[in-house]
1. Output yes when any residue across region 162-179 is part of a loop (DSSP other than H, G, I, E, B) and charged (D, E, K, R), and no when none is.
2. So, of the residues in region 16-53 that are farther than 18 Å from VAL128 by Cβ and acidic (Asp, Glu), which turns out to be surrounded by the fewest Cβ atoms within 10 Å (Cβ to Cβ)?
3. Can you confirm whether region 142-157 contains a residue that is assigned to a strand (DSSP E or B), more than 18 Å from ARG84 (Cβ to Cβ) and open to solvent by less than 50 Å² (accessible area, probe 1.4 Å)?
4. Can you say whether ALA98 is in contact with a strand residue (DSSP E or B) (Cβ under 8 Å, 6 or more places away or on another chain), modelled with pLDDT of 95 or more and open to solvent by less than 50 Å² (accessible area, probe 1.4 Å), as far as the supplied structure shows?
5. Which of the residues spanning region 158-169 are open to solvent by less than 80 Å² (accessible area, probe 1.4 Å) and without any contact (Cβ under 8 Å) to a residue 24 or more places away in the chain?
6. Is it true that some residue in region 106-118 is more than 17 Å from PHE30 (Cβ to Cβ), assigned to a helix (DSSP H, G or I) and touching a Lys or Arg at 6+ places or on another chain (Cβ under 7 Å)?
7. Can you tell me which of (1) modelled with pLDDT under 95; (2) in a helix (DSSP H, G or I) is the one GLU90 doesn't meet?
Amino acid sequence: MVVWVTGPFGVGKSTAAALAVAARPAWRVFDPEEVGFMLRASLGDIAVNDFQDLPPWRTLVPVCIDEVARFTRSGVLAVQTVLREEYWRELRAGLQAARQQTRLVVLTADEAVLRDRIRRDTTQPPGVRAWREAHVDAFLVAADARTGWLSTAADLVIDTSARSPEETAAALLPVLDRETVSQQ
């Protein structure tokens, strides 16, 4: 079982996932960005704005997740912002081909809250903060309740605007618990 957590850069996906997995050790966090770093090392001569634009990233991520899940016999909590619907379709199709049931959880926050969190995050270098801010609008379009693809693709949407990281993680736990039971 794979629970993919997406949302805007800076919404707290990684923090919530780490807290959720600490509470549910039958699950593992998987960071698809690491696959992107590996590909950048090998494909650095190919100009792309984002490693997600590399077709091998969208092919390898489901394979890597499946290998981790099978090797560890754990559920996998994949944490990565995906803003392009066609990329999500490719990722989900790859996971389905590997016979991994997949749930999509979207973490969101009000625009003002999100921008404030990004600005206040002093743990990230300025370039990362700028990258996160530059992608807020794309997330808002993708997550728009009337027209955005994320609103229809999501199995669950968690608004983190008024939630602490611990409360956000707690909101993830029922999904992990439900999926753990369905695997048995």
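The values are calculated or read from the model by the stated rules, or taken from the named source; none is laboratory data. Everything quoted here is computed from the prediction, not taken from an experiment. No Cβ is skipped: glycine too gets one built from the backbone with ideal geometry, and neighbour counts run over all protein chains shown. Note: accessible area is taken over every heavy atom of the protein model, side chains too, but ligands, DNA and RNA are not part of it. Shrake-Rupley method; radii C 1.70, N 1.55, O 1.52, S 1.80 Å.
1. Yes: one or more hits.
2. That would be ASP45.
3. There is no residue in region 142-157 that is assigned to a strand (DSSP E or B), more than 18 Å from ARG84 (Cβ to Cβ) and open to solvent by less than 50 Å² (accessible area, probe 1.4 Å).
4. Numbers: in contact with a strand residue (DSSP E or B) (Cβ under 8 Å, 6 or more places away or on another chain): no; modelled with pLDDT of 95 or more: yes; open to solvent by less than 50 Å² (accessible area, probe 1.4 Å): yes.
For ALA98, the condition - in contact with a strand residue (DSSP E or B) (Cβ under 8 Å, 6 or more places away or on another chain), modelled with pLDDT of 95 or more and open to solvent by less than 50 Å² (accessible area, probe 1.4 Å) - is not met.
5. Passing the criteria: only SER164.
6. Narrowing region 106-118 to residues more than 17 Å from PHE30 (Cβ to Cβ): 106, 108-118.
If we keep only those that are assigned to a helix (DSSP H, G or I) as well, we get 111-118.
If we keep only those that are touching a Lys or Arg at 6+ places or on another chain (Cβ under 7 Å) as well, we get 118.
Yes: one or more hits.
7. Of (1) modelled with pLDDT under 95; (2) in a helix (DSSP H, G or I), only one is false for GLU90: (1).
Residues checked against (1) touching a helix residue (DSSP H, G or I) at 6+ places or on another chain (Cβ under 9 Å); (2) of a type outside the set (Val, Ile, Thr); (3) more than 21 Å from ARG178 (Cβ to Cβ):
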residue	(1), (2), (3)
SER14	no, yes, yes
GLY44	no, yes, yes
LEU91	yes, yes, yes
ALA98	yes, yes, no
ARG103	yes, yes, no
